[in-house]
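As structure tokens, the structure follows; a few thoughts come after it.
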Amino acid sequence: MCIRDSINAEYGVLSGNGVYDGSEVSETVSVLVHLSRHGAEAKCFAPDVQQMQVINHLSGQEVKGESRNVLVESARIARGDVTPLGSLRVEEFSAVIFPGGYGAAKNLSDFAIKGVDLQVEKETARVLKDFHAAKKPIGLCCISPVLAVKVFPGVKVTIGNDKEAAAAIKSLGGENIEKEADEALLDPSFLVVTSPAYMLPEAPLYKIFTGIGNMVDIVVKLAK
């Protein structure tokens with residue numbers, strides 16, 4: 001979600017609809033609720049690209065031969081109000097937040113397939129670089145912090161205590177700081193704010209909601 005400079009609005013980058021092939025719904029809604037608590041106007045964007053794969057969320061299996069568009073699927077969460085990521089201009093907003101879900105590792109990047117050899121989707125990379133250059137805060141939760149680590153080597157993030165993801169972050173030149181589900185981490189050098197969310201899958205939802213709230217609180221404070 002994104003905060004517009006002139007009217008206290010933030011924007012977020014979605015990656016589809018559903019934890020296994022898009023944006024994690026609980027995390028996305030948590031971000032939206034906490035932004036609303038701050039009186040911020042949220043604007044949703046998503047890349048206009050095809051999903052890497054489609055997953056049946058009941059069985060957990062890939063649906064062979066089916067293709068879905070990330071922008072179209074993201075509209076399900078955004079109640080239809082989602083804009084192609086390519087049209088985003090950093091001067092119109094004061095912050096950006098990336099919810100988690102496998103879409104961050106499949107559609108906003110190819111981390112799920114290539115690991116430390118990942119490439120970040122071009123518009124996603126552009127947005128990250130533009131906000132950093134403008135000294136505007138960037139929030140990320142769950143697995144999406146790997147996007148920041150790829151684009152900003154040396155950044156400190158938290159994805160909780162997942163050893164495999166933490167090792168990948170280290171290999172990419174970043175540093176994982178272990179935090180609980182209800183906590184958030186700020187790297188002031190990059191204005192990057194992260195929270196583990198469902199990278200701690202055993203954590204109760206209320207703690208994940210609280211951690212995302214703490215991330216949003218910091219982002220909003222930095223954006224003012």
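Values as computed for the structure displayed
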item: Meets criteria (buried (at least 23 other Cβ atoms within 10 Å of the Cβ) and either at pLDDT below 90 or not hydrophobic (A, V, I, L, M, F, W, C) (or both)) for E62; result: no
item: Test set (1) open to solvent by 70 Å² or more (accessible area, probe 1.4 Å); (2) free of Cβ contacts under 8 Å to residues at least 40 places away in the same chain - K135 fails condition number; result: (2)
item: Check on N69, closer than 26 Å to L205 by Cβ, polar (S, T, N, Q) and in contact with an Asp or Glu (Cβ under 9 Å, 6 or more places away or on another chain); result: no
item: Residue, surrounded by the most Cβ atoms within 10 Å (Cβ to Cβ), within the stretch 120-132, restricted to residues that are part of a helix (DSSP H, G or I) and touching a Pro at 6+ places or on another chain (Cβ under 7 Å); result: T124
item: Residue match in the stretch 171-178 (condition: touching a helix residue (DSSP H, G or I) at 6+ places or on another chain (Cβ under 9 Å) and in contact (Cβ under 8 Å) with a residue 40 or more places away in the chain); result: yes
item: Elements of type strands (runs of 3 or more DSSP E) in the stretch 1-119, at least 1 residues being under 20 Å from M215 (Cα atoms); result: 2-4, 9-13, 41-46, 93-98
item: Lone qualifier among S30, S67, S59 - being closer than 15 Å to G101 by Cα and polar (S, T, N, Q); result: S30
item: The listed residue being surrounded by 15 or more Cβ atoms within 10 Å (Cβ to Cβ), hydroxyl-bearing (S, T, Y) and modelled with pLDDT of 95 or more, out of S30, S94; result: S30
item: Matching helices (runs of 4 or more DSSP H) fully within the stretch 141-224 where at least 1 residues are closer than 24 Å to D130 by Cβ and open to solvent by 60 Å² or more (accessible area, probe 1.4 Å); result: 145-151, 205-223
item: Filter result for V70 (β-branched (V, I, T) and touching a Leu at 6+ places or on another chain (Cβ under 8 Å)); result: yes
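The values are calculated or read from the model by the stated rules, or taken from the named source; none is laboratory data. Quick caveat: nothing in here was measured; it's all calculated off a predicted structure. Glycine gets a Cβ as well: all are built from the backbone with ideal geometry, and neighbour counts include every protein chain shown. SASA here: full protein model, heavy atoms, side chains in, ligands and nucleic acids out. Shrake-Rupley method; radii C 1.70, N 1.55, O 1.52, S 1.80 Å.
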